[in-house]
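A short worksheet on the structure shown next.
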Ligand code: AMP
Ligand code: ZN
């Protein structure tokens, strides 16, 4: 299903033009308008899902296959030195467009971007408590 007022539904389904890198039945891959680096792309499912929680499993699996294709393309054509896949869910996590999208961000030596987090610390007991909270 498409959502009436969703910009990524419109882009994914070709109602709004975009710089398309790849398209198949399920996805359109476009260049991000505000690229973190050269080649920063977004994998957009054509069916609306607000986030990963809502995304059908089949689409989630297929998105990773498309990500792999794009990664190979970026390496071959742009000669990137590395690549990040980033996927934000919820405002707290930095999601600004509420239609699932997977960022493909080619990385270059000294590109000035900081996509990594600050590592914390944890005891074995704390890790075990979290493990239980998640799994039990
Ligand atoms: P996020 O913060 O994960 O929700 O990412 C949203 C991304 O969409 C940002 O990187 C924006 O630059 C990008 N973006 C927003 N509107 C458009 C658009 N019309 N076309 C292409 N990229 C867009
Ligand atoms: Zn949508």
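The values are calculated or read from the model by the stated rules, or taken from the named source; none is laboratory data. Quick caveat: nothing in here was measured; it's all calculated off a predicted structure. Every residue, glycine among them, receives a Cβ derived from its backbone with ideal geometry; neighbour counts consider all protein chains shown.
Here are some notes:
- Condition broken by residue 96, with the remaining ones in (1) in contact (Cβ under 8 Å) with a residue 24 or more places away in the chain; (2) within 16 Å of ligand 2 (Cβ to nearest atom) satisfied: (1)
- Residues of region 1-22 that turn out to be at negative phi, at pLDDT 95 or above and within 16 Å of ligand 2 (Cβ to nearest atom), as a count: 11
- For beta carbons closer than 7 Å, sequence separation of 6+ or different chains, a first residue in region 45-73 that is without any contact (Cβ under 8 Å) to a residue 40 or more places away in the chain and on the phi > 0 side of the Ramachandran plot and a second that is away from ligand 2 (no atom under 14 Å from the Cβ) and assigned to a loop (DSSP other than H, G, I, E, B), there are no qualifying pairs.
- Search result, residues across region 5-43 that are assigned to a helix (DSSP H, G or I) and buried (at least 18 other Cβ atoms within 10 Å of the Cβ): 8, 9, 11, 12
- Enumeration of residues in region 103-115 that are in a strand (DSSP E or B) and more than 9 Å from ligand 1 (Cβ to nearest atom): 104, 105, 106, 107
- Of all residues in region 106-136 being in contact with a helix residue (DSSP H, G or I) (Cβ under 9 Å, 6 or more places away or on another chain) and under 17 Å from residue 32 (Cβ atoms), the one that is surrounded by the fewest Cβ atoms within 10 Å (Cβ to Cβ): 108
- Residues in region 44-67 that are exposed (fewer than 15 other Cβ atoms within 10 Å of the Cβ) and more than 12 Å from the chain's Cα centre (by Cα): 53, 54, 56, 57, 58, 61, 65.
- Subset of region 39-59 (residues that are within 11 Å of ligand 1 (Cβ to nearest atom) and in contact with a helix residue (DSSP H, G or I) (Cβ under 7 Å, 6 or more places away or on another chain)): 41, 44
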